[in-house]
Amino acid sequence: MPKVEFLFDFGSPNAYLSHLVIPEIEKRTGATFVYLPVLLGGVFKLTNNRSPAEAFAGVKNKPEYHRLETERFVRQHGIARYKHNPFFPVNTLMIMRGAVAARQLGIFGRYVDEVYRHMWAEPKKLDDPAVLRAALLESDLPADRLFELVQTAPVKEALMAETQRAVDRGTFGSPTFFVDDDIYFGKDKLRDVEEAIVAKR
């Protein structure tokens, strides 16, 4: 079975939509996606890239097509729990560090599911510490311990290192996928990812 990796930032709606579809691919292929948190702002800085919202803000018809593509993807996969976050773009530094901390605490999977819920299913302003703390408590996650860990050097350095490593491997945005060393970018490449898994299996 090839190694399959999903490089994600909670601030990317396309990464969230990919997250909802990944279990279907895992079920069909028997593969397990390894989730790797990266800081998208850091990726953009290291690659001289910009978010689509910024890069295409003045391009006629491009934002409208992007919304249409998202609507088609949502319908195609029967996704019910997705809303535009009215606070977008949200600074994800704390919640991405939180993902690193959650892995240390052995609660990574639940943390990812719940933070994604609070970001894109029941949208909140998660770069507001008070809002984030309330969301974590609502999800029965150890808010105080997570807030403590995200301020520690090992957590900060781990996220920076993973982000740098992602760029060194060819990443320029999120969602990015690797099947062994083959890179794929964007939720629209999930079919190619699945085909690559089957071919390498």
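Comparing Q104, Q76, Q151 in a Gaussian network model of the chain where C-alpha atoms under 10 Å apart are linked, the largest mean-square fluctuation is found at Q76.
Here is the tail figure for the range 87-150: Cα pairs spaced more than 17 Å apart come to 27 percent of all pairs.
Return the Rg/Rh ratio of the range 1-51 with Cα-based radii and a Kirkwood Rh. Walk me through the numbers before you get to the answer.
Numbers: Rg = 12.8 Å, Rh = 12.1 Å.
Rounded to two decimals, Rg/Rh equals 1.05.
Find the relative contact order for the range 34-167 and round it to a whole percent, using C-alpha pairs within less than 8 Å whose residues are 6+ positions apart. Can you show the working numbers first?
Details: 111 pairs, mean separation 49.1, N = 134.
After rounding, I find 37 percent.
Might you report the magnitude of the Cβ-based charge dipole of the chain about its Cα centre, with Lys and Arg at +1 and Asp and Glu at -1, to the nearest 20 debye? Show your work: numbers first, answer last.
Working: 28 positive and 27 negative charges, 61 e Å.
It comes to approximately 300 debye.
Can you give the calculated 222 nm mean residue ellipticity of the chain, where each DSSP H run of n ≥ 4 adds -39,500 (n - 2.57) and the sum is split over every residue, rounded to the nearest 500 deg cm²/dmol? The partial results should precede the final answer.
Values: 10 runs with 110 residues, N = 201.
Helix-only estimate at 222 nm: -16500 deg cm²/dmol.
In the range 3-150, taking the dipole from charged Cβ atoms about the Cα centre, the farthest positive-side position among H84, A57, A121 is held by A57. How big is D for the range 80-201, in µm² s⁻¹ as a whole number, if Stokes-Einstein is applied with the Kirkwood radius of its Cα pairs at 25 °C and 0.890 mPa s? Translational D for this selection: 154 µm²/s.
Using Cβ contacts closer than 10 Å as the measure, can you line up M1, M119, M94, M160 from fewest to most? Please report the intermediate quantities before stating the final value.
On the way: M1 10, M119 26, M94 18, M160 15.
Taking fewest neighbouring Cβ atoms as first place, the list is M1, M160, M94, M119.
Read-outs: derived from the displayed coordinates by stated rules, not from any lab. Remember, it's a predicted structure, so these values are computed and weren't measured experimentally. For neighbour counting, all protein chains shown are included, and Cβ atoms are generated from backbone atoms with ideal geometry for every residue, glycine included.
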